[in-house]
Amino acid sequence: MIVVVKPGTSDEELDRLLEFIQSQGYSTHLSRGVERTIVGIIGDEPLTLRDRLYGLPCVDEVVPILKPYKLVARAAKPAGTVFDVRGVTIGGPTITVMAGPCTVESEQMLLETARRVKAAGASILRGGAYKPSTSPYSFHGMGEDGLRILAAARDETGLPVITEVMDTRDVGLVAKYADILQVGTRNMANFSLLREIGRSRLPVMLKRGWASNIEEWLQAAEYLASGGDEHIILCERGIRTFEQATRNTFDINAIPVVKDLSHLPIVADPSHGTGRSGLVPAVALAAIAAGADGLMIEVHPEPTKALKDGAQSLTFEGFQALMAAAEKVAAAVGRQLGGHAA
Ligand code: PEP
Ligand code: MN
């Protein structure tokens, strides 16, 4: 942490500042410039210290040097995190595709979707059983019945399943059926939920909060990691901006930025990132070119009849076409789609 001292600060005030910092248990390094004097603080960088320093009249600015996350920082694992979920690899050279409906609507539709996305090359099945919704009056998912259907589809196809958990009290129940827990955008900063999942050490995919910056997102991932979880996936799903042409603004920059800052694998969700099926393929391919480790794509047997997110869901044929194009873009950047279940 570096403290920039206000111009015109007297030597006595400066001494008081140094004594204050030392009284908090830190060593100091004073540097007097022609224009400005700065004090380097050696040691950890708690936010409480920064707040206290701002309370001193001679302090102009306090600049943190260390990142506010450690376990998920790239430096903690420079080679990058790679792990396996029921024989499907996440991270590393392969690009893992997760596909399925926004929400599980019936056993028949989920089984049909599972078979078709698997045939097209997907390696993980997605489907919501507990659905977050902006309106309390809309469909909130099939609950445990939906979880049972997901598990049945896994048993039949061999595809591991990912599904959202919204409530701390449901972590155990969802984990009974799911292979990867999903934390949705609205819960990215639900720290009790993150702590509960972190302690469970289960594979988890953390979606970016729709109004969160990358640092806040990585701090949320740090909650999971600090509980002992080593199987964390990040998912860029778009953020809210002033743009109205699309449901969200997919932040393509986030992919190379996160790859630089963190060792965690990052998956792109162009379905929620755009909100329109016609835009999904272009953004999916851009995400692969930008270095994404996977895709999450909403696919529905009949998007016009979907209970949720039909406008952004691909048909089976649309998904198949996307996978063929994705294979080519992956090859162009030296990667391949993979990690298929047997
Ligand atoms: C979803 O994956 O269907 C979902 C609700 O996503 P998000 O939390 O990104 O809105
Ligand atoms: Mn959805």
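Quick rundown of the values:
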| quantity | calculated |
| --- | --- |
| Residue list for segment 296-313, restricted to those being polar (S, T, N, Q) and within 13 Å of ligand 1 (Cβ to nearest atom) | GLN312, SER313 |
| Filter result for ARG86 (on the phi > 0 side of the Ramachandran plot and either modelled with pLDDT of 95 or more or within 16 Å of ligand 2 (Cβ to nearest atom) (or both)) | yes |
| Condition check for SER123: away from ligand 2 (no atom under 15 Å from the Cβ) and either touching a Cys at 6+ places or on another chain (Cβ under 9 Å) or of a type in the set (Ser, Thr, Tyr) (or both) | yes |
| Those strands (runs of 3 or more DSSP E) lying entirely in segment 137-253 with at least 2 residues touching a Phe, Trp or Tyr at 6+ places or on another chain (Cβ under 9 Å) and free of Cβ contacts under 8 Å to residues at least 60 places away in the same chain | 161-164, 232-236 |
| Matching residues in segment 296-332 - criterion: being within 14 Å of ligand 2 (Cβ to nearest atom), at negative phi and not polar (S, T, N, Q) | MET296, ILE297, GLU298, VAL299, HIS300, PRO303, ALA306, LEU307, LYS308, GLY310, ALA311, LEU314 |
| Leading residue by the ranking (nearest to the chain's Cα centre (by Cα)) among those in segment 278-292 that are closer than 14 Å to GLY318 by Cα and buried (at least 24 other Cβ atoms within 10 Å of the Cβ) | ALA284 |
| Within segment 262-279, tally of residues that are in contact (Cβ under 8 Å) with a residue 40 or more places away in the chain, within 15 Å of ligand 2 (Cβ to nearest atom) and touching a strand residue (DSSP E or B) at 6+ places or on another chain (Cβ under 6 Å) | 4 |
| Residue within segment 274-291 that is modelled with pLDDT of 95 or more, touching a Cys at 6+ places or on another chain (Cβ under 9 Å) and within 30 Å of LEU66 (Cα to Cα) present | no |
| GLY80 among the small types (Gly, Ala, Ser), under 20 Å from HIS272 (Cβ atoms), in contact with a Lys or Arg (Cβ under 9 Å, 6 or more places away or on another chain) and surrounded by 14 or more Cβ atoms within 10 Å (Cβ to Cβ) | no |
| Hits in segment 231-261 - residues which are β-branched (Val, Ile, Thr) and either in contact with a strand residue (DSSP E or B) (Cβ under 8 Å, 6 or more places away or on another chain) or over 21 Å from ALA306 (Cα atoms) (or both) | ILE232, ILE233, ILE239, THR241, THR249, ILE252, ILE255, VAL257, VAL258 |
| Inter-residue pairs, beta-carbon under 8 Å, first under 23 Å from GLY141 (Cα atoms) and in segment 308-330, second of a type in the set (D, E, K, R) and part of a helix (DSSP H, G or I), 6+ apart | PHE316/ARG116 |
| Counted residues, segment 255-295 - those being within 15 Å of ligand 1 (Cβ to nearest atom) and more than 18 Å from GLY121 (Cα to Cα) | 8 |
| Residue count for segment 225-254, restricted to those that are buried (at least 18 other Cβ atoms within 10 Å of the Cβ) and either within 16 Å of ligand 1 (Cβ to nearest atom) or among the β-branched types (Val, Ile, Thr) (or both) | 14 |
| Search result, residues across segment 304-319 that are buried (at least 20 other Cβ atoms within 10 Å of the Cβ) and in a helix (DSSP H, G or I) | GLN312, PHE319 |
| Residue within segment 284-298 that is under 22 Å from ALA114 (Cβ atoms), in contact with a Pro (Cβ under 8 Å, 6 or more places away or on another chain) and small (Gly, Ala, Ser) present | yes |
| Answer residue from segment 110-136, given it is farther than 17 Å from VAL183 by Cβ, in a loop (DSSP other than H, G, I, E, B) and at pLDDT 95 or above and is nearest to ligand 1 (Cβ to nearest atom) among those | ALA122 |
| Pairs, first without any contact (Cβ under 8 Å) to a residue 60 or more places away in the chain in segment 86-105, second hydroxyl-bearing (Ser, Thr, Tyr) and part of a strand (DSSP E or B), C-beta under 9 Å, six or more apart | VAL104/THR163 |
| Unique residue being under 22 Å from LEU314 (Cβ atoms) and either in contact with a Pro (Cβ under 7 Å, 6 or more places away or on another chain) or away from ligand 2 (no atom under 15 Å from the Cβ) (or both) when the list is GLY128, GLY184, GLY143, GLY100 | GLY184 |
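The values are calculated or read from the model by the stated rules, or taken from the named source; none is laboratory data. On a predicted model such as this, the values are computed, not experimentally measured, just so you know. Every residue, glycine among them, receives a Cβ derived from its backbone with ideal geometry; neighbour counts consider all protein chains shown.
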